[in-house]
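K.L.:
My structure is below; once you've seen it, I'll send some questions.
What follows draws every value from the coordinates through simple rules; no lab data is involved. Being a predicted model, the structure only gives us computed values, none of them experimental. All Cβ positions, even for glycine, are placed from backbone atoms using ideal geometry, and neighbour counts span all protein chains on display.
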Amino acid sequence: MPLTSPRRSALVDQVITQLRNQITSGEWPVGARIPTEPELVEMLGVARNTVREAVRALAHNGLLDIRQGSGTYVLATSELAGVMHRRFAGADPRHIAEVRSTLESAAARLAAERRTERDLAQLEVLLARREEAWASGEAELFVAADVALHMAVVAASHNEVLIELYADLGDLVAEWLRADVGADLDPAALLDHARLVEAVRRGDGDTAASEAAGYPFACLGGQQEAPPTGAQAGDAGAGDGITPAGG
C-alpha cells in the first residue's frame, strides 16, 4: 500500500498562520519568548494539542526554537531565514563578512542610483538612531538600529530579490553583530556610517559601494583580510589599537 500524506486539520493551519503573522509582522521579534502554551490556548480559544502541533510545525520550519524548561523563542522571521540560521549559524565569521560585503556593496551602488527622497529621509533618521543607540550603551538597542540602517540601504536599491534575500539573512547578521559589539559599547570604537549615507545621497555609486563593502571586514579585528577602505581608514579608533565595531 502506498504511503499517503495525513491531512492536517484546517484549525491547525489557521493557528500556524496566526502565529507566523505575529512573527513576520515583528510583534514577536527575533529572540523574544512567545506566550506559553496555556496562554496561547486562552488567547486563541483552541485545544492544547492544536497549539502544540502548530508550534512544533513552526519550530520544524526554523521560525521557533523550543527550549525545554525555558520556553519557546522566535528564531527567524521566515522559513528561509530559519534554514539559513540553522545552516550558517556556525559559519566562519570571515565567510559571513564576505557575503555581507558582496550583497551590501551591490545594494549600496544601486541605492545611489535609485534612491528616492523618502529613502534619503529614512536613512538620515536611522543613521541618527544608530548613533543615539551606541551612545546609550545598550548593545541590543544598537544591534537593532545598525541592522535597520543596513536594511534601509538595501531597500533603497529597489531590487525586490536583493531586498528579500538580505532580509532573510538579517537574523544571522544581527546574531553576528551581537558577538562583534559584545555587552560593553566603547564610545571610541563606533564605526561611522555617515559617509555611506552621504555617498548614497550624492548618487556616488563607487563610494557607496566601497564604504558598504568595507564595513563587515572592519569588525573582524585580527581576522580582517580585506584591505581597509574609506570606511576604516578615517573612523574613530583607527590607529589607536581600538577595533571599530558595529558593521
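K.L.:
Residue-wise, which Karplus ³J(HN,Hα) couplings in Hz belong to segment 125-135, taking 6.51 cos²θ - 1.76 cosθ + 1.60, θ = phi - 60°, and x for glycine or proline?
P.N.:
5, 6, 4, 5, 5, 5, 5, 5, 5, 5, 5
K.L.:
Per residue of segment 88-100, in order, report the coupling 6.51 cos²θ - 1.76 cosθ + 1.60 (Karplus, θ = phi - 60°) as ³J(HN,Hα) in whole Hz, putting x for Gly and Pro.
P.N.:
With coefficients 6.51, -1.76 and 1.60, one gets 10, 4, x, 5, 4, x, 5, 5, 5, 4, 5, 5, 4 Hz.
K.L.:
What does the convex hull of the alpha-carbon atoms of segment 157-219 project to on average, in nm²?
P.N.:
Convex hull of Cα atoms, orientation-averaged projection: 5.1 nm².
K.L.:
For segment 1-116, with the dipole built from +1 on Lys and Arg beta-carbon atoms and -1 on Asp and Glu ones, taken about the Cα centre, which of Pro93, Gln22, Ile66 lies farthest toward the positive end?
P.N.:
Pro93
K.L.:
What whole number of Å gives the distance from the Cα centroid of segment 54-87 to the Cα centroid of segment 93-110?
P.N.:
26
K.L.:
Another question, then. Is any residue of segment 121-163 close enough, with backbone N under 18 Å, to a label point placed 7 angstrom from the Cα of Thr24 along the Cα-Cβ axis, and if so, which?
P.N.:
Under cut-off, by backbone N: 160-163.
K.L.:
A follow-up question, please. Quick one: if you stick a label point 7 Å off each Cα along the C-beta vector at Arg48 and Ser136, how many nm between them?
P.N.:
Distance between the two pseudo-spin positions: 3.9 nm.
K.L.:
Quick one: putting +1 on the C-beta of Lys and Arg, -1 on the C-beta of Asp and Glu, what dipole do you get for segment 12-92 around its Cα centre, in Debye to the nearest 20?
P.N.:
Dipole about the Cα centre, nearest 20: 180 debye.
K.L.:
Where nothing but the Cβ of Lys and Arg (+1) and of Asp and Glu (-1) is charged, how large is the charge dipole of segment 1-139 around its Cα centre, in debye to the nearest 20?
P.N.:
Dipole about the Cα centre, nearest 20: 500 debye.
K.L.:
Using a Förster distance of 25 angstrom, determine the FRET efficiency expected from the C-beta separation of Ala128 and Ala89, and round it to 0.05.
P.N.:
FRET efficiency, Ala128 to Ala89: 0.20.
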